[in-house]
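A quick write-up on the structure given underneath.
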Amino acid sequence: MKLALIVLASLWAAPLAQAASQPDPAADLQGFQGYFLKRFPKVPLAAYVNGPYNFSKSERDQWKQIIEFPPYAFAVADGKTLFDTKFANGKTYASCFPNGGIGIAQTYPMFDAKTGRVVPLGVAINRCRVANGAAKLSLTTGKLADIEAYMTSTSDGKPIDVVVPHDPRALAAYQAGKEYFYSRRGQLNFSCASCHVQAAGMHLRGDVLAPALGLTASFPLYRSSWGDVGTLVRRFIGCNKKVKAEPEAADSTAYRDLAYFMTYMNNGLPIAGPGARP
Amino acid sequence: MAHQILVHAMSSGGSTTVEALIKHPMDSGFVKDKAGKIIPAHYIEVIEFTHKGKIVLTGYWGPAVSKNPFIKFSFKGGKSGDPIGISWVDNKGETAATSSNIM
Amino acid sequence: MKAIAAIFVVCLMPCAALAATPAEIAAGQKIAETTTLGNCDACHMFQGADEAGNIGPVLKDVRAMVPDRKLFYAIIYDEEARNPQTIMPAFGKNQILTPKQINEVIDFMYTK
Amino acid sequence: MTEIEGLILSAPSRRTVLAAVAAGTAAGLMRPALSFAAAAAPRASSYPAKAFIQHSQDATLQAMFGTSSVTASADVKMDAPDIAENGAVVPVSFDANAPKVTAAAILALDNPFVMACAYKIPEGTSPAIASRIKLGKTTKVVSVVQSGGKLMSASKQVKVTLGGCG
C-alpha cells in the first residue's frame, strides 16, 4: 500500500514541479503536455481531444456509434439560426467578432486589454448581446450554449490558439487559473488536478477520468447525463458540486481564469467541439 | 424550434440507408424534476418512414427510447433525389412530419 | 458465512479486544458501497464490489496490508496528513463519516 | 490505466453531419417540420399499446406477436455494449439473417416496462435496425425478430453502473 501511494505521488509531482515565482505559461505548457505524452505514450497529442475514449475501448465503441449522428446536431442547427437572427437594431452576432464569428472559437478565452479581464467565448457572446441591446443569456446551457456550439463547429479541427500577452494582468489571470486548477477544495478535498492529472485515464467506478490535456477542446458538450448541451462553465459548476465545494458564479473571475489556464494548456490541439460524453 | 427532424438518406449499391435524429424529450414518466414532481410521460408512439409515398418502416416506440431518438435502417432501391418522408405521432397526439431527398 | 469466519479471525488476534459483529460488518459494507458515504468502490477494487474503480490500491488481504487498526483508522480519517499527495478524501476530518462509521468500514474491510 | 492507440480527430461521418448542419443545406436537415405537409401523420390507432405496459418477456411477446414462443438463434446478431456509458443512451442494433422478416422488437427485461421499441418491417426493408434506448439498471436486452411467423432472438446482458462521484 505504501509503495502504491509513493508511486502515485511521484507521477503527480511532475506538473506541479514548476511552483512559479514568475508565471511562465510557455514553460508550463511544455511541461504539462510533455507529462501526459510521456505517461501515455500510445496516445498522440491530437487524440487527447477525445478524452476518455483513449482509455476504454467499450466506451469508445459506444461513442463512435453516438457521434455517427451526434445528439448535439440540434444545438448546432439551433445555434446557427440564433447566430443568424438579427438583433432589434438590425445587426447580428457576426458584427461583434473578427471574421464574422466564423472559425474563431479556437482563440478563446481571450485576454481583453481594455478591461484587464479574461473573456471566454460565452462571455463574448453575452457582451455582443448587451452591445446590441439584448439581455444576457445564461452562460451554462440553453441558447448561449447552442450559439457557442455552432460557432465552435465552424472551428472544427483548428488548433487551439490562446494567447497570454505580456501584460501583468494577463499573467496574473493565468496564474490565478493555474492555482485554482491545482488547489484542493470541497469536502472531498479534490483539486481539478486530482482527477484530471493524477488519476487521469483511471476508472472512477465505471467512468474513465479524462486527462486535463484536451479536456476543453470538445466543449461545449452534449452530456447524456445532462440530456442537452452545456458549456465548460456548466462543467466547472458540476465538478465543484461533485467534490462538495461551493461553486463559483458562472461569470466569476475564478472560472474565467480557470478556463484561460486550462485552454492555454491545450494550445496546438485541434478544436473538437461540440463533443459528446456520457 | 420544436419538433425538428434531421435526416440523412444515402443510396449506394442498390439500397438506401436512412439515418434520422428526431428532436423529442421522450419523457418516460419515471423521472422527477428538480422540484421533485414526476415529469409526465411524453414520448413518440408511432413513427413512419416512406419512400416515394410507400411505407418502408414503421416504428413503435415506448418510454424507453432515448431522448432525441436516433434510428438507422436501410431498404432496397431508392435513388438520388427520391423523396423520403418521416412522420410521427406521440402519446399526447402531437405530430410532426418532414420530407427530404436521398443524396 | 464469511462474516462468521471473520469473527473467528478477529477473536484469534490478540490485539482485538472486541470482535466485530455481523451487524457491524454489514453496516461497514453498506457504507463502503454507498456513493454518498464511503463510496470506497469508486476508487478501490475489493471482492464483491460491482464495477469498482482503480484509482486506489486493490483491497485484498486487508489485514495483512494494514495490520495496525489504529493506522487504518488514521488513513481513513485523514490520509493527507500522512501523505500530502494522496487524493483519498479525509473521511473523518471532513466529517464525511463518523468515527463509528469508520470503525464499521474497518470491520468490513478486515473481512476482505 | 490501459491506454489504447489514440483516435485522432473525429469520425468522418461526424464531420459530414456537422458540415451539413452548419451549412443548413444538406437534404432534409434542420427543417422545422410542423408546417410541412409532405407526409401525413401516422395513425396512432395502430400503436400496440398493450405490448408496452407488460412486465415480463412472455406477456410482452404475447401482446405484440400473439405468441410468447421464441427461439434463441445465431441468425440474429445483436450489438449492445457490455457496460453502458450512460443508461440514458445505450446504442442497440440487430441484424437478422432470416427470410420473410415482418417485425422485430427490442426488450429490456429489467426496465419498468419490458418493451423498448418494435418495428413493422415491409418487404424490401433490411431486418437490421440501429437505435438508442434507455436502461434503468443492469439488464438482459433481447432482440426479437419475427421470421415467417416464428420468433427468433438474440440477447445480451448490459451492465449499467452508477456514476463515479455519486
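The values are calculated or read from the model by the stated rules, or taken from the named source; none is laboratory data. In this text, all values refer to a predicted model and were calculated from it rather than measured experimentally. No Cβ is skipped: glycine too gets one built from the backbone with ideal geometry, and neighbour counts run over all protein chains shown. With ligands, DNA and RNA removed, areas are computed over all heavy atoms of the protein, side chains included. Shrake-Rupley method; radii C 1.70, N 1.55, O 1.52, S 1.80 Å.
Within 10 Å of the Cβ of each residue in C:29-39, the mean number of Cβ atoms contributed by other protein chains is 2. Mark the label point 7 Å from the Cα of D:A72 along Cα→Cβ and return the residues of the range D:117-143 whose backbone N is within less than 15 Å of it. Taking a point 7 Å out along Cα→Cβ of D:A72, the residues of the range D:117-143 whose backbone N falls under 15 Å are D:140-143. Note on A:N99 and B:D82: their simple-model spin labels are 4.1 nm apart, each label 7 Å out from Cα toward Cβ. Principal axis analysis of the Cα atoms in the range D:48-160 yields extents of 35, 25, 21 Å, listed in decreasing size.
Using only Cα atoms, tell me the angle between helix A:25-39 and the longest principal axis of chain A; keep it within 0 to 90° and round to the nearest 10. Long axis of A:25-39 versus the principal axis of chain A: about 60 degrees. Amide H to amide H distances under 5 Å link B:I39 with B:V31, B:K32, B:D33, where only residues 5 or more positions off or on other chains count and H is placed in the peptide plane.
The angle between the Cα long axis of helix A:57-68 and the longest principal axis of the Cα atoms of chain A comes to about 10 degrees, rounded to the nearest 10.
Per residue of D:84-97, other chain Cβ atoms within 10 Å of the residue Cβ number 6 on average.
Amide H contacts of D:D110 (H built 1.01 Å from N, in plane; Pro and chain starts excluded): D:K140 sit under 5 Å, all sequence-distant by 5 or more or on other chains. Summed over both chains, the area buried between A and C is near 2100 Å², taken from the accessible surface of protein heavy atoms with a 1.4 Å probe. Taking 22 Å as the straight-line reach from the Cα of D:K150, the lysines in range (excluding those fewer than 8 positions away in the same chain) are D:K50, D:K77, D:K100, D:K120, D:K140. Per residue, the solvent-accessible area of the protein assembly as shown (1.4 Å probe, heavy atoms of protein chains only, all protein chains present) comes to 41 Å².
Placing unit charges on C-beta atoms (Lys and Arg positive, Asp and Glu negative, everything else neutral), compute the dipole magnitude of the range A:72-150 about its Cα centre in debye, rounded to 20. Can you show the working numbers first?
Values: 9 positive and 5 negative charges, 59 e Å.
Value, rounded to 20: 280 debye.
Computed from the C-alpha gyration tensor, the three semi-axes of the ellipsoid equivalent to the protein assembly as shown are 44, 37, 20 Å, from longest to shortest. For the protein assembly as shown, adding -39500 (n - 2.57) for each run of n ≥ 4 DSSP H residues and dividing by the number of residues yields -9000 deg cm²/dmol at 222 nm. Solvent-accessible area of the range D:48-160 (1.4 angstrom probe, protein heavy atoms only): carbon and sulfur portion equals 51 percent.
In the structure displayed, which of C:K112/D:K159; A:K143/B:K67; B:K72/D:K137; A:K57/C:K30; A:K143/B:K23 lie more than 21 Å apart, Cα to Cα?
Pairs exceeding 21 Å: C:K112/D:K159; B:K72/D:K137; A:K57/C:K30.
Pairing chain B with chain D buries about 3800 Å² of accessible area. This figure sums both sides and uses a 1.4 Å probe. Modelled spin-label separation between A:A26 and A:F87, with each label point placed 7 Å from Cα along the Cα-to-Cβ direction: 3.8 nm. For the range D:48-160, a simple Cβ point-charge model (Lys and Arg +1, Asp and Glu -1, everything else neutral) yields a dipole of about 180 debye relative to the Cα centre.
In units of the rule-of-thumb radius 2.2 N^0.38 Å, the range B:5-101 shows an alpha carbon radius of gyration of 1.22.
Please determine, in degrees from 0 to 90 and to the nearest 10, the orientation of helix A:253-265 with respect to the longest principal axis defined by the Cα atoms of chain A, where the helix direction is its Cα long axis. That works out to roughly 70 degrees. Toward the positive end of the charge dipole of the protein assembly as shown, with +1 on the Cβ of Lys and Arg and -1 on the Cβ of Asp and Glu, the farthest Cα among C:A23, A:Y48, A:S218 is that of A:S218.
About its Cα centre, how strong a charge dipole does the protein assembly as shown have in debye, to the nearest 20, once Lys and Arg get +1 and Asp and Glu get -1 at the Cβ? Walk me through the numbers before you get to the answer.
Values: 66 positive and 50 negative charges, 115 e Å.
With only Lys, Arg, Asp and Glu charged at Cβ, the dipole is about 560 debye.
What the phi angles of the range C:66-78 give under the Karplus curve with 6.51, -1.76 and 1.60, with θ = phi - 60°, is a coupling list of 10, x, 7, 4, 5, 5, 4, 4, 5, 5, 6, 5, 6 Hz, glycine and proline written as x.
Summed over both chains, the area buried between D and C is near 500 Å², taken from the accessible surface of protein heavy atoms with a 1.4 Å probe.
Taken along the Cα-to-beta-carbon direction at a fixed 7 Å, the label points for A:T115 and A:D167 span 1.2 nm.
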